[in-house]
Amino acid sequence: MSVIKNARQIETEIKSESKIDLNLLKKKGNPKTFKGLLIQKMKEARKYNNLEVCQLLQWCYKEYLRFETSERFRAEQWRGKSGVHYQITPDIIYAIRYRKKDIGEKPQEVKTALEKEEINKVRIAIYKLNKILIDNINRAITDSEGTANFKKSLIETSEIAEETYGEDWAKVFSTRTQHIKLTEILGWLEHEKEIKYYRSGKVEVLK
């Protein structure tokens, strides 16, 4: 993707977007980020009635957003990752993703069936393990080190798997379909704001 433009092309684009977007001026400036700095300088230019500079900064801001969005999309394409959306039926929730194995390939639909009965088993396991954690916190010696160890009340995915399926974590992890389904169920529970599912594979109960 080429982002190099000549001066005449830039001037033409600025003139075509000469109207100042007042919504941008409502944003909070922040000198610690490039986007925030541009907003801050736009506000300063507007304050001193320097509309040409304000328009130039607005153009720079929008170009940066286009570049940022494009690069993020390219990065997601390269990793072959996608978002997830859900199809809900009376007994099953389908987690649907579209993935590419590589750049240029057509995205393929990947649908994982999550039976509500199994979701409930995972949910029960999480709340049981969370109760054990809370009980441990209440029994913990209240020194600074002991308090820090229990502070976040995080549950390991391995514990959830073993409690749900009655099998050793290594077996669940090595069974690809079962491991994927467990991951998608945890993703669904996070979507429902019941838990926070961290990248480290740990779970925090939210409600």
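The values are calculated or read from the model by the stated rules, or taken from the named source; none is laboratory data. Since this is a predicted model, take the numbers as computed values, not measurements. Backbone-built Cβ (ideal geometry, glycine too); neighbour counts: all protein chains shown.
Here is a list of conditions, (1) surrounded by fewer than 14 Cβ atoms within 10 Å (Cβ to Cβ); (2) over 12 Å from Glu156 (Cα atoms); (3) of a type outside the set (Phe, Trp, Tyr), and Glu194 meets all of them except one; can you say which number that is?
Answer for Glu194: the failing condition is (1).
Of the residues that make up region 68-83, is at least one of a type in the set (Gly, Ala, Ser), at pLDDT below 85, surrounded by fewer than 12 Cβ atoms within 10 Å (Cβ to Cβ) and not in a helix (DSSP H, G or I)?
Yes: region 68-83 contains one or more residues that are of a type in the set (Gly, Ala, Ser), at pLDDT below 85, surrounded by fewer than 12 Cβ atoms within 10 Å (Cβ to Cβ) and not in a helix (DSSP H, G or I).
Any residue in region 108-127 that is among the acidic types (Asp, Glu) sitting within a Cβ distance under 6 Å of a residue that is part of a strand (DSSP E or B)? List the pairs, counting only those 6 or more apart or interchain.
Note: pairs meeting the criteria are Glu109/Tyr98; Glu115/Ile92.
If you go through region 1-54, how many residues are among the basic types (Lys, Arg) and either under 15 Å from Leu65 (Cα atoms) or modelled with pLDDT of 80 or more (or both)? Show your work before the answer.
Of region 1-54, the ones among the basic types (Lys, Arg) are 5, 8, 15, 19, 26-28, 32, 35, 41, 43, 46-47.
Subset that is either under 15 Å from Leu65 (Cα atoms) or modelled with pLDDT of 80 or more (or both): 27, 35, 41, 43, 46-47.
Result for region 1-54: 6.
Out of all the residues in region 158-207, which are over 19 Å from the mean Cα position of the chain (by Cα) and of a type in the set (Val, Ile, Thr)?
Answer for region 158-207, where residues must be over 19 Å from the mean Cα position of the chain (by Cα) and of a type in the set (Val, Ile, Thr): Ile160, Thr164, Val172, Thr175, Thr177.
From (1) buried (at least 16 other Cβ atoms within 10 Å of the Cβ); (2) in contact with a helix residue (DSSP H, G or I) (Cβ under 6 Å, 6 or more places away or on another chain), pick out the condition that doesn't hold for Glu184.
(2)
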